[in-house]
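Below: the structure, in structure tokens.
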Amino acid sequence: MKSSPLWLNLKDKLAGEVTPSAIALCLSGSLHSALLLEISKIMLCLNKDGCGRCLSCMAWSEGSHPDLIVSSEQGPPSVDQCREMIDELHLKAVVSSGRIGVVPCADKLNINSANSLLKITEEPPAGCRLIFLMEENRLIPTLRSRIWTIVFPEEDTFPPLSPPSGKAQWMGWLERISSFDREQLILELQGFIGFLVQKKLYLKASNLSQLIFLAGQTNLSVSMMGDMVFLLIEEEYPFESVFDRIW
């Protein structure tokens with residue numbers, strides 16, 4: 001994704017003298033956290049390049065920052081959560097030149113929550129920026145007209161990645177992913193899907209897509225997901241059989 005023209009253009013915009021006050025980023029949900037972190041580090045940096053040395057950059061701690069206000073930890077924010085974020089955005093920045101408000105799952109906002117964001121999107125406090133994260137390019141027209149929307153094509157975000165081949169490679173892969181979190185593993189599986197589609201192995205690609213969906217609905221561990229990937233691709237078990245064995 002970082003090598004895509006869209007990312008390079010976005011990075012140049014963020015480092016420029018005039019930056020958009022509201023940005024909507026449309027891409028796979030599995031990339032939202034990583035992209036938000038990359039962009040926020042640039043936007044909150046006093047040198048506008050994520051230098052890692054300024055007072056604001058030094059304020060990052062485990063992916064959080066005192067001037068990064070995320071309206072909801074899970075799912076689209078409610079009206080009350082949107083209003084709480086707006087109140088915080090009107091406060092003076094702690095260490096940066098301004099604050100950032102984040103609206104996760106913006107494409108799933110209900111009409112009342114979306115309407116509550118219209119005023120601050122059109123007239124943000126000095127130095128305030130808003131980031132809308134979404135999987136589908138779907139916002140109410142009055143909100144969309146106030147936002148610079150960037151849609152990352154899937155081929156830019158998930159380049160094809162060849163799965164392991166043979167038992168030895170698979171054992172090495174299973175050992176390597178043991179240090180992954182679920183989000184990292186899902187990103188790798190998206191690359192596998194791209195490769196399988198290129199090779200016209202559509203059933204295997206479909207099975208992996210179902211696994212990713214299942215992981216989003218349950219608490220499957222990384223090790224359990226890895227075992228399922230091995231069974232689906234290398235052993236060519238039917239998805240239903242793998243699912244039954246796990247449960």
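The values are calculated or read from the model by the stated rules, or taken from the named source; none is laboratory data. These figures come from a predicted structure and were not determined experimentally. All Cβ positions, glycine included, derive from the backbone under ideal geometry; neighbour counts span all protein chains shown. Quick note on the areas: whole protein, heavy atoms, side chains included, nothing else; ligands and nucleic acids left out. Shrake-Rupley method; radii C 1.70, N 1.55, O 1.52, S 1.80 Å.
When Gly29, Gly50, Gly63 are checked against the criterion of being of a type outside the set (S, T, N, Q), under 22 Å from Gln184 (Cβ atoms), touching a Cys at 6+ places or on another chain (Cβ under 9 Å) and surrounded by fewer than 19 Cβ atoms within 10 Å (Cβ to Cβ), Gly29 stands alone in meeting it.
Cβ separations smaller than 9 Å between residues 6+ apart or across chains give the following pairs from the stretch 49-60 residues that are in contact (Cβ under 8 Å) with a residue 40 or more places away in the chain to residues that are aliphatic (A, V, I, L, M): Leu55/Leu46; Leu55/Val95; Ser56/Leu44; Ser56/Leu46; Ser56/Ala93; Ser56/Val94; Ser56/Val95.
Scanning the stretch 108-162 for residues that are out of contact with any Lys or Arg (no Cβ under 7 Å at 6 or more places or on another chain) and among the polar types (S, T, N, Q) gives Asn110, Asn112, Ser113, Asn115, Asn137, Thr142, Ser145, Thr149, Thr157, Ser162. The test for being out of contact with any His (no Cβ under 7 Å at 6 or more places or on another chain), modelled with pLDDT of 85 or more, hydrophobic (A, V, I, L, M, F, W, C) and within 24 Å of Leu37 (Cα to Cα) holds for Ile147.
Residues that are of a type outside the set (A, V, I, L, M, F, W, C), in a helix (DSSP H, G or I) and more than 18 Å from the chain's Cα centre (by Cα) were ranked within the stretch 209-230; the one that is surrounded by the fewest Cβ atoms within 10 Å (Cβ to Cβ) is Ser223.
Pairs meeting the criteria (first residue in the stretch 107-127 and under 23 Å from Val151 (Cβ atoms), second residue open to solvent by less than 100 Å² (accessible area, probe 1.4 Å) and among the polar types (S, T, N, Q), beta carbons under 7 Å, at least 6 apart or on different chains) are Ser113/Ser78; Leu118/Thr142; Pro124/Ser21.
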